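FYI, it's all coordinate maths here, none of it is from the lab. A quick note: this is a predicted structure, and the numbers were derived from the prediction, not measured. Positions of Cβ are generated from backbone atoms using ideal geometry, with glycine treated the same way; all protein chains shown enter the neighbour counts.
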Amino acid sequence: MGTLLYGNPGIVITFDDRALMHLQIVISTKLRRRESFVFTWTDSADVGSGRSAIWLDPTSTLYYRYFGSRIPSINRDWIEALMLSANSAGGLVFIAEPDPTAPLPEKTRR
């Protein structure tokens, strides 16, 4: 289980390592382009369920902490789906990894 720490003092947001790696790629891409955006996710039951959101901009202090030592494989379809979300008016909404056997939405087909 990896964590994303936001701000100072840090807000701790927990994702599994594989999900965190995909989020790091998308968030880093947006911030490298100097793009600001909202990041929203569904909270787990152990923190009371519900939803949370943070505003990310190029000055945000982020720290990615992985608990495993291996770098997870990257699912390009998941990256594309997360980037589509991040580039929308609603900002980046965390979604679970798409089923590799499911057809891609029309906008993400190559």
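Structure above, values below:
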{"item": "Length gained when the stretch Ala53-Arg70 is fully extended (0.36 nm per residue, less Cα-Cα span)", "result": "3.3 nm"}
{"item": "Helix axis angle, 76-86 relative to the chain longest principal axis, alpha carbon, degrees", "result": "60 degrees"}
{"item": "Cα centroid separation - the range 1-35 against the range 83-99, whole Å", "result": "14 Å"}
{"item": "Principal-axis tilt of helix 17-32 within the chain, Cα atoms, nearest 10 degrees", "result": "90 degrees"}
{"item": "Residue exposure sequence - Met21, Met83 - by fewest surrounding Cβ within 10 Å", "result": "Met83, Met21"}
{"item": "Inter-label distance for Ser88 and Thr61, nm, one decimal - labels placed 7 Å from Cα along Cα-to-Cβ", "result": "3.2 nm"}
{"item": "Net lengthening on full extension, Glu35/Glu97 (0.36 nm per residue, minus Cα-Cα)", "result": "19.9 nm"}
